[in-house]
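Read-outs throughout are calculated quantities, based only on the coordinates presented, and are distinct from any laboratory measurement. Just so we're clear, the structure is a prediction, and the values are computed from it rather than from any experiment. Because the Cβ atoms are built from the backbone with ideal geometry, glycine has one as well, and the counts that use them run over all protein chains shown.
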Amino acid sequence: MNIESVIEDVAVELLRQAVTKLPRDVKDALKRAHREEESDVGKTQLEAILNNVDLAEKTSTPMCQDTGVIIFYVNAGAQAKDLDKVEKALTKATKRATKEVPLRPNSVGIFTRKNTGDNTGRYVPYINWKIVPGDNIELTAFPKGGGSENVCALGMIRPGEGLNGLKKFVVDTVLNAGAKPCPPNILGVGVGGGADIAMKIAKAALLRPIDQPNPDPEIAKLERELYEAANMTGIGPMGLGGRFTVLGVNVDHANRHPASYPVAVAVQCWAARRASARIHPDGTVEYLTHKVV
Amino acid sequence: MAVYKLKTPISEEDVRKLKVNDVIYVTGTMITARDSAHKRALSFFKERKELPINLEGLAVFHCGPIVKKADDKWTVVAAGPTTSTRMDLFEDEFIKAFKVRVVIGKGGMGRRTTEGMKKYGAVYGAFTGGAAVLAAKAIKNVRSVEWFDLGMPEALWILEVEDFGPLIVAIDTHGNNVFEDVRKQVEENRQKIYERLAV
């Protein structure tokens, strides 16, 4: 058994799953929004989204033409073998998925201004590594669209403003984003750490299903409060007005420097694409977010 | 929310009948154009060079599609709209120069474009962001691709479409702009939210 080719095949499959089929929690939230939306125009948008999601699933076609910049999260068991081959396998998988799924080529050189055509390039696909106990490799594909990425925001607020400052910053980010990130959105909020850490945990918070509140009741309450506040803005589906501006808010936190209070908001469009699998040392694969037919 | 079906070439007169929040479906010829294609088209116009297609009465779609080639034939796989505000830099001039009647995208456009649409006769049709398969389903044929050197997303794709929509008329020729109205309402809600959060 060649683990490198197993990883490659699994990664291609995860990219396909992610871009063609929404995770159950996101689909449920969209259906609920469609049922409860009060604005007629807002309802037309949610209906179009649901029709589109069904069609994408049935035809195994990317649900959005912007198949994003390719990001992977790898939780690598410390005892897993051949970890040095993972990066190469994921790069190969990205190239293959670009042709086979297909994905839109979205990797442009900063100075060459050239699109590489295969979704790879410097730091692309980007791999977030974590070493965990055990011998499995857990792989998550997280293709991230550009429209919602453009309104992500980092605020280095004053520690004296504390939680109030955080809430205001999150609401302001939603208000400033308006229609741009294809609402209804999911917000990943990362607080504390440092500038980079806040954004990293904000983005990783988007991996948690939106029907699973933070296990800490205080933070779960904050998530609820931010969710309700964002849905009071009136931006609505696609910014055409309505009740549903966000589908969920996930908060994560890290301790902070006494002088700093970083707040990061990672904005995700309704096409919240993520897919995970666990690869065992014997090459068997468990798909965690999507059922494989 | 009146529903209209429009066929290209669309006349200025027809487009002036539309009002914000109407729903339209377009049948006929449509081109895709993003930042680079807008820029090149306008520089062609200045240099009096002919475009690959006469755009009068057609629809322009802010979109970078995923397109597949098999047996020398292009098919659109996914084609949702991109953020239109980036094209605010060019759109009024574009409508004036080429007489397109429907501009399709997501997220709305600004004051300058709204003025341009009023003056030269065009509407903005909002297509659901990300609804790429729905869009692709309405695209029946890729007539050709021009300016492919700009890359797949930025090239000028000439498409034949059938009942392309639903498009919400978000900017009409009377100076109305749904996105502006929502923005005003949202701004009014800002203080209420601050109060509720006690921030």
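Descriptive notes on the structure:
- Within the shell of other residues whose beta carbon sits under 14 angstrom from the beta carbon of B:R16, the net charge comes to +1, with Lys and Arg scored +1 and Asp and Glu -1.
- The protein assembly as shown shape via C-alpha gyration tensor axes, a/c threshold 1.5: oblate
- Stretchable slack from A:D40 to A:N164, in nm (0.36 nm times residue separation minus alpha-carbon distance): 41.3 nm
- Top positive-direction residue, dipole computed over chain A with Cβ charges, set A:G134, A:C182, A:L206: A:C182
- Think of each Lys and Arg Cβ as +1 and each Asp and Glu Cβ as -1; about the Cα centre, that makes the dipole of segment A:146-268 roughly 160 debye.
- Principal axis analysis of the Cα atoms in chain A yields extents of 54, 48, 42 Å, listed in decreasing size.
- Residue among A:K58, A:K167, A:K95 with the largest mean-square fluctuation in a Gaussian network model of chain A, springs linking Cα atoms under 10 Å: A:K58
- Orphan Cys of chain A, criterion: no other Cys C-beta under 4.7 Å: A:C64, A:C152
- Estimated inter-spin distance, B:N54 and A:M156, nm [label 7 Å along Cα→Cβ]: 5.9
- Over chain A, relative contact order from alpha-carbon pairs under 8 Å, at least 6 apart, %: 26
- Local electrostatic count, A:L154, Cβ distance below 14 Å [Lys/Arg +1, Asp/Glu -1]: 0
- Rounded to the nearest 20 debye, the dipole size of chain B about its Cα centre is 160 debye, using +1 on the Cβ of Lys and Arg and -1 on the Cβ of Asp and Glu.
- Cβ charges +1 (Lys, Arg) and -1 (Asp, Glu), total dipole of the protein assembly as shown, debye: 640
- Distance between modelled label sites at B:D181 and B:L89, nm, 7 Å Cα→Cβ extension: 3.1
- At R0 = 56 Å, FRET efficiency that the Cβ-Cβ distance of B:H174 and A:E218 yields, to 0.05: 0.65
- Here chain B is scanned for trypsin sites (Lys or Arg not before Pro) in DSSP loops (not H, G, I, E, B) that have at most 10 other Cβ atoms within 10 Å, and the longest stretch holding none of them is B:50-199.
- Descending semi-axes in whole angstrom, ellipsoid equivalent of segment B:3-197, from the Cα gyration tensor: 28, 19, 17
- Springs between Cα atoms under 10 Å define the GNM used for chain A, and in it the highest mean-square fluctuation of A:F72, A:F111, A:F244 occurs at A:F111.
- Mean ellipticity per residue at 222 nm, deg cm²/dmol - from DSSP H runs of n ≥ 4 across the protein assembly as shown, formula -39500 (n - 2.57): -11000 deg cm²/dmol
- Estimated from the Cβ-Cβ distance and a Förster radius of 51 angstrom, the FRET efficiency linking B:A70 and B:E12 is about 0.85.
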